[in-house]
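Heads up, the thing below is written out as structure tokens.
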Amino acid sequence: MMWLWEGEPAPAHRLERILPDGSVAIIVNLYEDRIPIYDRRDVGRFENTSGTLLVGAQSQFDIIDAVQPAVASVKFRPGGAWPFFKPPVGEVRDQQIALEDLWRGARLRERMLEAPPQTRLQVLEQVLLERIARPMESHPAVRFALRAFEKTHAIAAVTEKIGMSSRRFADVFRNEVGMTPKAFCRVRRFHQAIRRIHDAQDVDWADVALSCGYYDQPHFIHDFRAFAGINPTAYLASRTAHASHIVMR
């Protein structure tokens, strides 16, 4: 998915917590050449980085500026970032890296700003096509597992059908998707729960926990805190129009 956001009214809050979903993304700040990386434990502390970032598959929440006058992004489907980068995407898990460090001379941000606003996503797509570094087809085991994980989180059963050792499969999957099968399934199960409760008014927490594959409600709450940094009730009180975004302040 590629999207471009320009000129929208600023929200009343300043910061948002963005929840992990197991995907890899590129972020381009078209307003200024910087993106702040906030300390999760102290939002008063942050580092300014390049205005164009590669965001590896995250297993924790990140904090972003809610006020973003002009920003573009590529959000890769699971395994979709693999063809565009020479280092395996597993090497950038839980990291945010200046894109120019990986794509020398790409000038992505500059080329988008030089283009008319209505063609900026076309420029983004063109740069992606120029940077294809591997075959577009992922490993057959990864393709099979990603389809299977849409219906089950039984990693051992999926690995047995693939016919690879668990260690070899974990290495291949991590290289292409960005995290191990176990971590990926945990994040995707959490994201499934987020989608279930986002639009709900009254939530049966035990039903959500069991239907999303958790052992019980305490297991669900434990995982929710690990990924979101808050409990499910606090999520409902702070949710925004986007299921993966929470108001901070």
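The values are calculated or read from the model by the stated rules, or taken from the named source; none is laboratory data. The structure presented is a predicted model; accordingly, all values stated were derived computationally and were not measured. Glycine gets a Cβ as well: all are built from the backbone with ideal geometry, and neighbour counts include every protein chain shown.
Observations on the structure shown:
- Test for Phe46: is it closer than 24 Å to Thr180 by Cα and more than 16 Å from the chain's Cα centre (by Cα): no
- Looking across region 165-179, the residues that are within 23 Å of Ile26 (Cα to Cα) and crowded, with 19+ Cβ neighbours inside 10 Å come down to Val172, Phe173, Arg174, Glu176, Val177, Gly178, Met179.
- Within region 108-129, being within 23 Å of the chain's Cα centre (by Cα) and free of Cβ contacts under 8 Å to residues at least 60 places away in the same chain holds for Gln122, Val123, Gln126, Val127, Leu128, Leu129.
- Condition met for Ser50 (under 13 Å from Gly22 (Cβ atoms) and modelled with pLDDT under 95): no
- Met136 meets the conditions (1) touching an Asp or Glu at 6+ places or on another chain (Cβ under 6 Å); (2) under 24 Å from Ala72 (Cα atoms) in every case but one. The failed one is (1).
- Any hit, region 138-160, residues being in a helix (DSSP H, G or I), hydroxyl-bearing (Ser, Thr, Tyr), modelled with pLDDT under 95 and touching a helix residue (DSSP H, G or I) at 6+ places or on another chain (Cβ under 8 Å): yes
- Tabulated pairs, region 12-28, first in contact (Cβ under 8 Å) with a residue 12 or more places away in the chain and surrounded by fewer than 23 Cβ atoms within 10 Å (Cβ to Cβ), second of a type in the set (Asp, Glu) and not in a loop (DSSP other than H, G, I, E, B), C-beta under 6 angstrom, 6+ apart or interchain: Ile18/Asp62
- For the criterion of being at pLDDT 95 or above, over 21 Å from Asp171 (Cα atoms) and hydrophobic (A, V, I, L, M, F, W, C), Ile64 fails.
- Figure legend. Inter-residue proximity from region 143-164: first residues surrounded by fewer than 17 Cβ atoms within 10 Å (Cβ to Cβ), second residues in a loop (DSSP other than H, G, I, E, B), beta-carbon distance below 9 Å, spacing 6+ or different chains. Indicated pairs: Arg143/Gly79; Arg143/Glu137; Thr152/Gly213.
- Residues satisfying the stated conditions in region 71-108, i.e. out of contact with any Asp or Glu (no Cβ under 9 Å at 6 or more places or on another chain), among the aliphatic types (A, V, I, L, M) and more than 30 Å from Glu150 (Cβ to Cβ): Ala98
- Among the residues here, His245 qualifies as more than 20 Å from Lys182 (Cα to Cα) and within 17 Å of the chain's Cα centre (by Cα).
- Residue match in region 109-128 (condition: part of a loop (DSSP other than H, G, I, E, B), surrounded by 14 or more Cβ atoms within 10 Å (Cβ to Cβ) and either in contact with an Asp or Glu (Cβ under 9 Å, 6 or more places away or on another chain) or basic (Lys, Arg) (or both)): no
Let's see how each residue does on (1) without any contact (Cβ under 8 Å) to a residue 60 or more places away in the chain; (2) surrounded by fewer than 19 Cβ atoms within 10 Å (Cβ to Cβ); (3) under 25 Å from Phe184 (Cα atoms):
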| position | (1), (2), (3) |
| --- | --- |
| Pro36 | yes, yes, no |
| Val43 | no, yes, no |
| Val55 | yes, no, yes |
| Lys75 | no, yes, yes |
| Ala81 | no, no, yes |
| Lys86 | yes, yes, yes |
| Asp94 | yes, yes, yes |
